[in-house]
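The values are calculated or read from the model by the stated rules, or taken from the named source; none is laboratory data. Here the structure is a predicted model, which means the values were calculated and not measured. Positions of Cβ are generated from backbone atoms using ideal geometry, with glycine treated the same way; all protein chains shown enter the neighbour counts. The area values use the complete protein model at the heavy-atom level, side chains included, leaving out ligands, DNA and RNA. Shrake-Rupley method; radii C 1.70, N 1.55, O 1.52, S 1.80 Å.
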Amino acid sequence: MKKLKLVLTMVTAAFVLLLTACGTSETSGENGGKSEEKTLRVVTDAAYAPFEYLDKGEVTGFSVDFINAVAKQAGYKVKIENVGWDPLFVEIEGKTADLAISSITINDKRKKTYDFTVPYFLSTNKIMVPKESPIKSAGDLKGKTVAVQNGTTGQEAVEKMFGAENKNLKKFENNNLAIMELKSGGADAVVADNTVVEEYVKNNPKDNLVVIEDTNAFEKEFYGVLFPKGSKLRGEFDKAIKEIMENGEYAKVYKKWFNIEPDLTDIKA
Ligand code: LYS
């Protein structure tokens, strides 16, 4: 009996040792042997197709391919997590994430709290309405119910036009919810980034929606990658972004998602 116990203990010990060994080799294998390639935690709000959205539970989109290309150029790996829009700013301010990519417009207000890379995408807000809507310009939104994503430049632009206390402004946690409100008749319009609403209209012809441009009401905006203030990574990513714009990698990613060549003079303007 004693002998059996001893054998059992030895077998268990050998098994534990084996498992530990496997575990160790797996960890070093994760980096493909290149242990200097650090994995950075990237946060996003994956409800903004075609930039960042969920496909079968996976975060995908232009931003994902872009940040992977930039990180690779800078010698890093990234792990992207869908945490939501408001929480991503909390994470970056609290430094629980290394960076955020989420179609985030570079502006002075945000620059007070965060650091941005150089611009990587040109954008502007546009209005999405039903085809038969009487709304033809931003001025026509007066007195109408407008759905926006909370804490976006779209919300800001509408508030600037009609006052922050505008009771007809409906704010949502993400842009998909704002679009749903428009479709269900709870709002007359959605104001959001042009590429997102244009893509939505193109992909959902049965919804009978159209996009209205108003360059007098909405300014040109540029997306940047968001970092905690003072992050040392920012400079490395700036350099990597410029490099992939030079070496054709940026154009490759851009063409995959938008089917056209990027206008780099636009981004650098
Ligand atoms: N680009 C706009 C902004 O930064 C909208 C971003 C929304 C992302 N889910 O406010």
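Using only Cα atoms, find the angle between the long axis of helix 249-258 and the longest principal axis of the chain, and express it within 0 to 90 degrees, rounded to the nearest 10. Computed tilt is about 60 degrees.
The aspartates and glutamates whose alpha-carbon is closer than 13 Å to the alpha-carbon of Lys112, local same-chain residues fewer than 8 away aside, are Glu93. At q = 0.21 Å⁻¹ the log10 of I(q)/I(0) for segment 43-164 amounts to -1.31, computed by Debye summation with a single uniform scatterer per C-alpha, solvent ignored. The ratio of the alpha-carbon radius of gyration of the chain to the globular-protein estimate 2.2 N^0.38 Å is 1.27.
Placing +1 on the Cβ of every Lys and Arg and -1 on the Cβ of every Asp and Glu, with nothing else charged, gives segment 191-237 a dipole about its Cα centre of roughly 340 debye. Measuring only protein heavy atoms, the 1.4 Å probe finds Met180 accessible over about 120 Å². Here the chain is treated with +1 on each Lys and Arg Cβ and -1 on each Asp and Glu Cβ, and its dipole about the Cα centre works out to around 940 debye.
Need the C-alpha centroid separation for segment 79-143 versus segment 198-269, integer Å. Each part's Cα centre sits 12 Å from the other's. Seen against the Cα atoms of the chain and their longest principal axis, helix 153-162 is set at about 30 degrees. Compared with the alpha-carbon gap, the fully stretched path from Thr39 to Lys142 is longer by 32.3 nm at 0.36 nm per residue. Taking the Cα atoms of segment 138-249, the ratio Rg/Rh between the radius of gyration and the Kirkwood radius comes to 1.07. Fully extending the segment from Lys95 to Lys160 would add 20.3 nm, taking 0.36 nm per residue of separation and subtracting the current Cα-Cα distance. Of the GluC sites (Glu not before Pro) found in segment 205-269, those in coil by DSSP whose Cβ has at most 15 other Cβ atoms within 10 Å are Glu213, Glu219. For segment 113-178, applying the loop criterion from DSSP together with a ceiling of 11 other beta carbons within 10 Å to the GluC sites (Glu not before Pro) yields Glu132, Glu165. Ranked by the mean number of other Cβ atoms within 10 Å of their residues, highest first, the peptides 37-44, 88-95 come out as 37-44, 88-95.
For the chain, the solvent-accessible area with a 1.4 angstrom probe is 55 square angstrom per residue. Keeping the other protein chains in place, figure out the carbon and sulfur percent of the accessible area of segment 57-159, with a 1.4 Å probe. Carbon with sulfur: 49 percent of the solvent-accessible area. The angle between the Cα long axis of helix 62-74 and the main principal axis of the chain comes to about 50°, on a 0 to 90 degree scale.
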